[in-house]
Amino acid sequence: MEKTLIIIKPGAIQRELIGEVLTRFERKGLQLCGIKMMQLTDEILDEHYSHLAQRSFFQRIKDGMMITPVIVCCLKGVDAVHIVHTMAGKTNGREAIQGTIRGDFSMSVQENIIHTSDTLENAEAELARFFKKDEIFDFKANNLHFVYANDEL
Ligand code: ADP
């Protein structure tokens, strides 16, 4: 099964949407195997958003990610990277379709509630960036045979 990273951003913390966001992933059938609150720093955000380093809004998005602590989570499931990324919706909350997290809770490009890894390669790198090895719990969920058919596992 794949593992992927989500970050519940400061805007969602301030708007008290942590439970709402996590509930969506739980209801979908994704397994939570790591969760913590952490204060991000300029250094970790330089790495995390390095693909945006040349953009005019680089410092602004980093500052926005440090306003409050964030919640980082590791979610596990079959095709988890694609599923979780799709559930977040398009970057711009005004364009994201209804039913996605950003479509339902965001009116902004920057203030878009959640980060999700976009590829398996990035998920692995991002999980290693935000979690120590012993903070990921690879336990066997006891509902797997109700979430998946045998041949999907
Ligand atoms: P995503 O988070 O959808 O994978 P990106 O990796 O392109 O998108 O951007 C990272 C984050 O930077 C976005 O989630 C958003 O908060 C912010 N961002 C991206 N593009 C813009 C923009 N044009 N203006 C302001 N903030 C932006």
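Points worth noting:
- 13 Å beta-carbon shell around Gln110, net charge (K/R +1, D/E -1): +4
- Amide H within-cut-off set for Gly93, under 5 Å, with H built and near neighbours excluded: Ser108, Val109
- GluC sites (Glu not before Pro) within the stretch 1-109, DSSP loop, no more than 16 other Cβ atoms inside 10 Å: Glu16, Glu95
- Other-chain or far-sequence residues with amide H under 5 Å of Ile35's (modelled H): Cys74
- Against the chain, whose longest principal axis is taken from its Cα atoms, helix 120-130 shows a tilt of about 70°.
- Solvent exposure of the stretch 102-148, expressed per residue, is 64 Å² of accessible area, with all protein chains present and a 1.4 angstrom probe.
- Förster radius 35 Å - calculated FRET efficiency between Arg15 and Arg55, Cβ distance, rounded to 0.05: 0.90
- For the stretch 1-61, the fraction of 1.4 Å probe accessible surface lying on carbon and sulfur atoms is 47 percent.
- In the context of the full set of protein chains, residues of the stretch 7-46 present 53 Å² of accessible surface per residue (probe radius 1.4 Å, heavy atoms only).
- Cα centroid separation - the stretch 13-78 against the stretch 82-133, whole Å: 8
- Estimated at 0.36 nm per residue, the fully extended path between Lys133 and Glu121 surpasses their Cα-Cα distance by 2.6 nm.
- Net charge of the neighbourhood of Tyr148, taken over other residues with C-beta under 14 Å away and scored Lys/Arg +1, Asp/Glu -1, is -1.
- Across the chain, Cα pairs under 8 Å and at least six residues apart give a relative contact order of 34 percent.
- Global form of the chain, assessed from the alpha-carbon gyration tensor, a/c cut-off 1.5: prolate
- Rounded to the nearest Hz, the phi-derived 3J(HN,Hα) couplings of the stretch 80-94 under the Karplus curve 6.51 cos²θ - 1.76 cosθ + 1.60 (θ = phi - 60°) are 4, 4, 5, 4, 5, 4, 5, 5, 6, x, 4, 3, 7, x, 6, where x marks glycine and proline.
The values are calculated or read from the model by the stated rules, or taken from the named source; none is laboratory data. None of the values given here were measured: they were computed from a predicted structure. Every residue, glycine among them, receives a Cβ derived from its backbone with ideal geometry; neighbour counts consider all protein chains shown. Heads up: the accessible areas ignore ligands, DNA and RNA and are worked out on the full protein's heavy atoms, side chains in. Shrake-Rupley method; radii C 1.70, N 1.55, O 1.52, S 1.80 Å.
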